[in-house]
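Reading through the structure tokens given below for one structure.
Every number in this text was worked out from the coordinates using simple rules, so none of it is lab data. On a predicted model such as this, the values are computed, not experimentally measured, just so you know. Virtual Cβ from ideal backbone geometry, glycine too; neighbours counted across all protein chains shown.
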Amino acid sequence: MGQRISFGITFLPTDPPNAFNELTSYVDGAGFDYLWLADASLYGRYVYSYLTLSALNTRHVKIGPNCTHPLTRNPAVSFNAMATIDELSMGRAIMNVGAGGGTVKELGHAAAKMKAIREMIEQGRALMTGEPVDYSSETLVLKNARLRFLARNDMPIYMTASGPKMLEMAGELCDGVIYMAGTDPRCIEAAQTDIARGAAAAGRSLANIDRACCVFGNLGEDRDKARAHCRSIAAWMVTTQPRYAELAGIPAGPIEAVRDAFSGSAHGPEARKAAALVTDQMIDAFTLAGDPSDFIRGIERIAEYGVRHVEFFPEGGNNLEMTQLFAKRVIPHFR
């Protein structure tokens, strides 16, 4: 390979604290550059408690939520949490925001609208100056609000996004973007184009925006089992991002069958019915599944389209085993 590829990993925080500490300690010394935890409402442990554990249990990786929702708590409180974690980690924290999905339904929320996400980013930046902020809208009210404990005022703000308008806004506003477009090069090119359009409209250079391709997958020596573990997340991608399914050349009939059967979160039991209808073509378009050689070939393929930051989101529950295999057999190939 030519240019170095950065690697991060995202976990749904379902492990108990001792097992989680073992996992994050391994990540910190295994060649990963980023460690993210899904803010999945009630589907996992509380994200900010576990990010605190991460801050105290690591020394090298950058850490943050992937991603946090603007409506499940006041954005100012979320920024206060991340400013605290930034202080605990000695400046390694990254705020990461997004629209959310099925995991916020239990709390009475839908996916956040773009206006609420823009407000969170813009008012979060204002809060990080340490100066008082006054702001009022139908979704966010700040009255002479001020963050009083800041390790630094330039903590990066990322966005996790899939849709074209969200990706465009990320290119306009954010220091980095984690795009969930699958692994088909046509989908990756479309996402990158959306980000570039937003950056151009704001007069920004793409060189100043960290663009990370999120790769959902299962890594193991048994290829058939690995592919089976990726069915639910492929069903979620087909349902929530039909644009990418069409770009990847998936026929309309299978797309509609999966969408009709799907409800809820990719990480909940509701996804199982839809998962049974997922085709091999969907697994190939939206995930990496298989042994280390499969992952290496997949990452090499997307790297040909300019990807220089890969975020691995393990699917299947055996997080430590997959993390170790990724660190020992995949990362060294690109270093």
Worksheet item: Counting other C-beta atoms within 10 Å, which of VAL310, VAL133 has the fewest, and how do the rest follow?
Response: VAL133, VAL310
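Can you work out the FRET efficiency for the pair THR139 and HIS333, with r the C-beta to C-beta distance and R0 = 35 Å, to the nearest 0.05?
Working: r = 45 Å, r/R0 = 1.29.
Taking R0 as 35 Å, the efficiency between THR139 and HIS333 is 0.20.
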Practice prompt. Normalising by the residue count of segment 151-270, find the relative contact order in percent from Cα pairs under 8 Å and 6+ residues apart.
Written response: 21 percent
Practice prompt. Take ASP33, ASP39, ASP224, ASP291 and order them by how many other Cβ atoms sit within 10 Å, fewest up front.
Written response: ASP224, ASP291, ASP33, ASP39
Worksheet item: If you place +1 on the Cβ of every Lys and Arg and -1 on the Cβ of every Asp and Glu, how big does the dipole about the Cα centre of segment 35-117 come out, in debye to the nearest 20?
Response: 120 debye
Fill in: Per-residue Cβ neighbour rank within 10 angstrom, fewest leading, LEU42, LEU23, LEU107, LEU88
LEU42, LEU107, LEU88, LEU23
Fill in: Loop sites in segment 99-155: GluC sites (Glu not before Pro), DSSP, at most 16 other Cβ within 10 Å
GLU138
Worksheet item: Remind me, relative contact order of the chain in percent, using alpha carbon pairs under 8 angstrom and six or more residues apart?
Response: 18 percent
Fill in: Among THR14, GLY182, ASN74 the positive-end extreme of the charge dipole of the chain (Cβ point charges)
ASN74
Discussion item. Once the convex hull of the alpha carbons of segment 177-222 is built, what does its volume come to per residue, in cubic angstrom?
Written reply: 76 Å³
Worksheet item: Looking at ALA276, MET237, ILE250, which one has the Cα that reaches farthest to the positive end of the dipole of segment 182-309 (charges on Cβ: Lys, Arg +1; Asp, Glu -1)?
Response: MET237
Worksheet, complete the sentence: With Cα springs under 10 Å, the Gaussian network model of the chain assigns the largest mean-square fluctuation among GLY253, GLY44, GLY130 to GLY253
Fill in: In nm, spacing of pseudo-spin labels at LEU206 and ASP224 (7 Å Cα→C-beta vector)
4.2 nm
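For the chain, what is the charge dipole size about the Cα centre, in debye to the nearest 20, if Lys and Arg each add +1 at the Cβ and Asp and Glu each add -1 at the Cβ? Intermediate values should be presented prior to the final figure.
Details: 34 positive and 37 negative charges, 85 e Å.
Computed about the Cα centre, the dipole is about 420 debye.
Eigenvalues of the Cα gyration tensor times 5, then square-rooted: what semi-axes does that give for the chain, in whole angstrom, largest first?
With the √(5λ) rule applied to the chain, the semi-axes are 30, 23, 20 Å.
Tell me the mean residue ellipticity at 222 nm calculated for the chain from its helices only (DSSP H runs of n ≥ 4, each -39500 (n - 2.57), averaged over every residue, nearest 500).
Mean residue ellipticity, 222 nm, calculated: -12500 deg cm²/dmol.
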Worksheet item: What share of all Cα pairs of segment 60-140, in percent, falls into each consecutive 5 Å distance bin?
Response: 3, 15, 25, 24, 18, 11, 5, 1
Discussion item. I'd like the orientation of helix 75-88 relative to the chain: the angle between its Cα long axis and the longest Cα principal axis, in ° from 0 to 90, rounded to 10.
Written reply: 80 degrees
Worksheet item: What angle, in degrees between 0 and 90 and rounded to the nearest 10, separates the Cα long axis of helix 252-261 from the longest principal axis of the Cα atoms of the chain?
Response: 60 degrees
Worksheet item: Quick one: length gained pulling SER6 to ALA19 fully straight, 0.36 nm per residue minus the C-alpha distance?
Response: 2.2 nm
Item to complete: Could you tell me how many degrees, from 0 to 90 and to the nearest 10, lie between the Cα long axis of helix 17-28 and the main elongation axis, the longest principal axis, of the Cα atoms of the chain?
Response: 80 degrees
Practice prompt. Identify, among VAL310, ASN153, GLY290, the residue whose Cα sits farthest towards the positive end of the charge dipole of the chain, taking +1 on the Cβ of Lys and Arg and -1 on the Cβ of Asp and Glu, with the dipole about the Cα centre.
Written response: ASN153
Response to the item:
For segment 1-109, inverting the pair-averaged 1/r of distinct alpha-carbon atoms gives a Kirkwood value in Å of 14.2 Å
Item to complete: Return P(r) of segment 150-200 (all Cα-Cα pairs; 5 Å bins starting at 0; whole %; ordered from short to long distances).
Response: 5, 24, 29, 19, 11, 6, 4, 2, 0
Worksheet item: Given the chain, what count of lysine pairs have C-alpha atoms under 24 Å apart, with each pair 8 or more places apart or on different chains?
Response: 11
Worksheet item: Which whole-number value in Å³ per residue fits the convex hull of the alpha carbons of segment 116-275?
Response: 172 Å³
